[in-house]
Structure formats: C-alpha cells, structure tokens
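Read the structure below first, then the notes.
Rule-based calculations on the coordinates, nothing more; no lab input. Everything numeric here is computed off the predicted structure, so don't read it as measured data. Cβ sites come from the backbone with ideal geometry, for glycine too, and all protein chains shown count toward neighbours.
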Amino acid sequence: MAQAGFPAIVKDAGLAALVALGVGAPLLGLQTVPGERGLDLVTRPGLLLATVCAVFVGRLLLGLFLANRRSAARSAARRAADAPPRIGLTPMQRVGKMVAPAFLALAVLMPVLPGIGRYEIDLGTLVLTYVMLGWGLNIVVGLAGLLDLGYVAFYAVGAYGYALLAKFFDLSFWAALPLTGLLAAAWGIILGFPVLRLRGDYLAIVTLAFGEIIRVVLLNWTSLTGGPNGMSGIPRPTFFGLPFSMSGGEGTFAGFFGLEPSPIHRVMFLYYIILALALITNFVTIRLRRHPVGRAWEALREDEIASRALGLSVVAVKLTAFATGAMFGGFAGAFFATRQGFISPESFTFIESALILAIVVLGGMGSQLGVAIAATLMIGGFEVFRGLDEYRMLVFGLAMVAIMVWRPRGLISSREPSVSLGARRNVGAEHVAEGKG
Amino acid sequence: MSAPILAVEGLTMRFGGLLAVDQLSLSAARGEITAIIGPNGAGKTTVFNCLTGFYRPTGGSITVTHENGETFRLERLPQHHIVRDARIARTFQNIRLFGGMTVLENLMVAQHNRLMREGARLPLALVGFGPYMRREAAAVDRARFWLERTGLIERADDAAASLPYGAQRRLEIARAMCTEPQLLCLDEPAAGLNPRESDALNELILFIRDTGADGRGCSVLLIEHDMSVVMTISDHIVVLDYGRKIADGAPAAIREDPKVIAAYLGVDEEEALAVDAALQKQ
C-alpha cells in the first residue's frame, strides 16, 4: 500500500468488512436462546450489519488518515527540496470536499428522516443556532483577527430588539428580522469605535465589558425590558401569514394545507428558518472572503501596518467586520426570541460568549466547515453526555484539551485562498497569522 | 521644468526629547530615483514614516505634486488618503507581507481602493455577478503583470510566507506597485540580497522608474545602505546624519564629499576640525 489512492483504501476497507462478515456471521449473527424444546437459533442480521458497517467505516477512516499523513510527509519533503509544491488532492482532502455537501444534505433532510422526533429536531435547531453564531463571530475573530469576548451582546440586542419591536410596534417576525440585524450592526459600530485603537488582550477585555454592560442594562431597565423577569409572549413566526395553531381553522397553516394540526409543524418550521439563516450567513461570508472587503479583513489580521501602507482605512475595515459579525448575531438573537417566546437576561451571560468563541477556536479560526463541525460536536456532545450528570463538564473539558493538543490550530486549520491563477491550494496553518487585535 | 513630485520643507520630527529629524528640506524630481543615505539612526526611516502617514510630523510641510498639477499636503492628509489620493506607496525595511495569504492575494489587497471605487460596493458584486467581476479580472491581470516582472508568476498561488527571502522582497515591491503609485518609497530593498539578486533588483527599480505600470514611469525614493545599488541607479542622492541633511547632489559629487566620508567612516577630532575649517573657507 505504498501509493494508496482512494480506490485502494476503499478496497482495503471492503476487504476488512468482508472478514468481519465472515467472522461475525456465526459469532454475532446467530444466537442460541433457550426455547420450548431445547435451544432455538435466533438470527440477528441488524447487529451483524451494524458491525460490518462499523468495521468498514473504521478501516476506511484509518486508511485515509494514514494516507493523509504519508502525503503530508511527502509534500513536506518536497517543500524542503525547495520545489514549488504541486500536490494533487490527498484522499483526506477529497473526502473533505464531500463533507460539506453531505453535511448540507443531512441538515436539509434531517427533520423528515425516519426515527427523528421532536427532541432531535429541537436539538438540531439549537445546534444550527450555534453554527450561525459561530459563523457570525468567525467574521470578527477568524477573518479580521479581532478577539471579541462580548459577542453575546449582539445576540441579546437581536433578541430584545425583536421582542420590543413586536411589543411596541406590533411587528411580525419577518418584518422585524431585518431591523434587528440593522440594530445589532449599529451596536457593532458603537462597540467598534471606542476599541479601534485597542489590540489583543485590551480589546478582549473591553469587548467582555461591553457584553456585561448590555446584560446589566437589560437586567436593570425594568420598565422597558422587564428586568430579571424577562419578556414573554413574544409572537411566533408565521408561514407567509399563516400562523401555526392547534385549532386547525381556515387561516392556519394546518387548515390551509388540509393537514392534521400538530405541534411538530412549528418545530420543523423553526428548524428550517434557522437553517436558512445559517446558510445565508455562510453564503455571505464565503462571498465576502472573495470580495475586497473580506480580503481587507484578512490583511488586517495578517499585518495591520502593511494594510495601512497599502491605503486600507483601518477604521473602515474594523467597523465593517464588527458590524457584519454583529448583524448575524442579531439575526440569531431575533430567531432565539421567536423560538423561545420568552427571553430574559439570563440567556445572555458571558458563558455564552465563551461557548461561541470556543466553537470558533475549536473549529479552526476562519474555517466555515470547521466552525460547523465544532458547533455540532460541542452542542450535540453536550446533549449526548447528559447521562454523565456531574461528570459532563469534566468529560467535556478533557475532550477540548485533547482536541487542542491534537490540533492546536483547530479542527480545520488550513486556509483556502480567495483567488488563484492555477489550481487552488490551501495555505498551511503555520503561515496564517492569528491576529493581534 | 515642472515642480518636483515631492518637496519637503523644514520637516521636523521630535519624539519627546529626541530630535529624530531636524528642519529637513529635500526634493525628489519627477521620473528620477532619489536616494536617501546616511549612517544608522540618521532618521531616514523616520522621514519615510512621515511621508507615508505613520508619523504626524512635529513641524514642516510635505508637498506632493502630480503631473496634472494637483498638489497634496501630506502632513494634513489621513493615512489612507496618502496612498489613495496622493498615490504614494512604500515597502518596509523588515519585510511586511500578508504571510498567510497567497502571493496573488497580497497583490489583490493592494488594489483594494481601486476595486472599491470600481463598484465593489454594489450588491451584485457581493453575489459575484455584474460588471464588477470584469474589474476584478482586470485586477488579477494587473497582478499578473507585476508577478511576471518580478519573476514570481510560478509562485502566485503559494503562501507569501513560504517564499524565499529575496522573492519576498520582490513581492513587497510588486505589491506596492499594484497600488499604482506616482511615488514609490523603498526602504532598504537590497538588504539581505546576494549580488545576483541585487543586480536583478537594480533592473527592476530602473524599469519602475522608466516604464512603471502604465508606461509613464514612476518616481522612486530609495533608502539604501548598499552603495553598489545606490551609486549605480540613483539620479540624485541626499545624505542625512543626525536628522539633518549634510549633502545633496549627484552620485559622483556625493562620493567625493568630505562631510559624507566623515559621517560614514568617522574621523578623529583633528581631522574633523580640519574638515570643518575647509568647509568654512568654501
């Protein structure tokens, strides 16, 4: 297996699966149980199939991992010889190209897959909310290199913005959504101005303070926000004006489409709203990276002095980054408010900011796919480990430490160039700056 | 004779008690290579930082005059206007590239202001359609031109930080040229280059002076310690010492100037007095 390509690895994995089938068929597939007359033979095809599949997938991943390591070593050797590295895609990268579409297909189909109930859809909605928040913060931290510890402030601005717009101006979710984005972007600029000259740790502390200020104001401005009691009765989103109601009358979603009224409709609808919002965030970010504005963000992260010497206005670059990131935080906040129907300052504590930042750092700063995977792992993992009770945080912490030891620059650390003359080749993490402020 | 592209009058830069540049006046003629030389700590880089807006001068004026007669007072302009409007570009003594971005991306960032002017702000541009996309393709072509000129075209898609040292120096010059400057300020471009690379650099700087991007040429202001470079390509040399101008003239004259020799080689006290006396007599 010296030059293992992708087909060879698949063949190898298939062979392993075949062996597993041969060994497993008598051992796992057949079971003897005490019956009426002696022993009865029971077949267990499900277990056998699952085992064979697990062996196949495991062997495949192992093969890919090893092949990837080998080709990385080869390319390193080639680089040492100072020839311009012209590497084809490694098997891992080829799989990487399929991961994003596979993820997307899974996300779109998830609610209608068999065996998916209300709990799973709710969890999916939660994960997607954090994916979106992670992508929003990724603009500020990952692309522009500005360490923001108060991102939850914009989430709060969006949530309270929608709640207040609905309460005082009777705006529906769809009418309020763009306004909450603008509102959050405005707050992004308000935060941006005083911190223009700050870098690194100092910037982090001021943004942290900003997040706390917003929360404390929400907590104490009782006449407007209800203080610690929060705001309730926030209107739910409608499907093109059709509300989701259990009555099943003429003007409701179920009534209009002649469906049996069910609470699952709204749950699925909310899921698709956040999926759409997250995909919009992703699309805008991908486009912006290939746009002068996005390139200016990355240039600022790489070297602020050089950016200034090229005539970039640091003020404009930083403020657009803060405003764009904040805007997506605001959208996510409005969604959070309409989904919960109730918000209080408790939902917008520092730990939320830290969680979102952890998602961005764990995923690999600047990587869209990495952030999505990290959000799934962190939020999904948190749920999966629920059975561990008080050990949950411990397991969680250990897992994070392990990931950071194994991949110090995040799960996906290489950077995809925004433009290329020839074939696009990713830039290794060792060259990419983390940004100083 | 048109007005010089750059006229500096009485430039003073003070950092607390330190007078880094003291009442300096100099000018750079259009279409020429003007070198600023002087011992370490003479204030050369400080002058560059004043010109390119990194420092706000304590006193004096810096005037840039374009070919069409438009003038800019740099000491009053915000920094990004100095590049965008007064059209001054610079490189750095310690190379400053966007290391994690590819060579091509470095050159695209340099064309930021032009692209923004040419419609990058339109919503269609964000989605990836419309006339703006042709402008972006033109920007890639402009980058390709300078990559071919600097011999970096083979490495266009590699990370800037992965280039060897000499190539990084050339890339920095290419990036500065992509801002389409009228005056290019090079801060020790030959530092760390081997003789062959140094020769290639001379050729590149002469090409920039005579042809530039648009065939009309670009004036060059050069800080350099490597005398083989300075004496070969400069049209005019200004010598600084302790923040003051001690000599100003053609390369041949500078080479013979006793003050310059004294500043560079150092002289013992008697000789210094003799030199001073000789200068008094003149």
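Kindly work out what percent of the DSSP beta bridges joining two residues of the protein assembly as shown are antiparallel, to the nearest 5.
So the antiparallel bridges amount to about 65 percent of the total.
Is there a simple number for the mean count of other chain Cβ atoms within 10 Å of the Cβ of residues in B:108-117, and what is it?
6
Sum -39500 (n - 2.57) across every DSSP H segment of at least 4 residues in chain A, then divide by the residue count to get the 222 nm mean residue ellipticity, nearest 500.
After summing the helix terms and dividing by the residues of chain A, the value is -21000 deg cm²/dmol.
Report, by chain and number, residues whose modeled amide H sits under 5 Å from the one on residue B:60, excluding near sequence neighbours (fewer than 5 apart, same chain).
Placed amide hydrogens put B:12 under 5 Å from residue B:60.
Across region B:64-70, in residue order, what do the Karplus-derived ³J(HN,Hα) couplings come to in whole Hz, using 6.51 cos²θ - 1.76 cosθ + 1.60 with θ = phi - 60° and x for Gly and Pro?
Listing the rounded values in order: 10, 10, 7, 4, 7, x, 5 Hz.
What does the charge add up to near residue B:201, with Lys and Arg as +1, Asp and Glu as -1, over the other residues with Cβ less than 14 Å from its Cβ?
Overall, the nearby charge balance is -3.
Let me have the 222 nm mean residue ellipticity of chain B computed from DSSP H runs of 4+ only, each contributing -39500 (n - 2.57), with the sum over all residues rounded to the nearest 500.
Dividing the helical sum by the residues of chain B leaves -11500 deg cm²/dmol.
How large is the dipole of region A:202-320 about the Cα centre if only Lys and Arg carry +1 and Asp and Glu carry -1, each at its Cβ, rounded to the nearest 20 debye?
In total the dipole reaches around 280 debye.
Can you list the DSSP H helices in chain A whose Cα atoms extend at least 18 Å along the helix axis and whose mean Kyte-Doolittle hydropathy is 1.0 or higher?
A:6-24, A:91-109, A:152-169, A:173-192, A:200-220, A:263-289, A:314-340, A:350-363, A:392-406
Magnitude of the Cβ-charge dipole of the protein assembly as shown, K/R +1 and D/E -1, about the Cα centre, nearest 20 debye?
1780
Among the lysines in the protein assembly as shown, how many pairs, 8 or more places apart or on different chains, have alpha carbons under 30 Å apart?
9
Just how large is the dipole of chain B about the Cα centre, in debye to the nearest 20, putting +1 at every Lys and Arg Cβ and -1 at every Asp and Glu Cβ?
Dipole about the Cα centre, nearest 20: 1200 debye.
In degrees between 0 and 90, to the nearest 10, how far off the longest principal axis of chain B does helix B:195-210 point, with axes built from Cα atoms?
So the helix axis and the longest Cα principal axis differ by about 80 degrees.
Quick one: grab the alpha carbon gyration tensor of chain A, order the square roots of its eigenvalues as a ≥ b ≥ c, and give me rounded if a/c is under 1.5, else prolate or oblate depending on whether a/b is larger than b/c.
The shape class here is oblate.
What is the distance in Å between the Cα centres of region A:34-69 and region B:157-176?
Answer, in whole Å: 53.
Where does the charge balance sit around residue B:224 when Lys and Arg score +1, Asp and Glu -1, over other residues with C-beta under 10 Å from its C-beta?
-2
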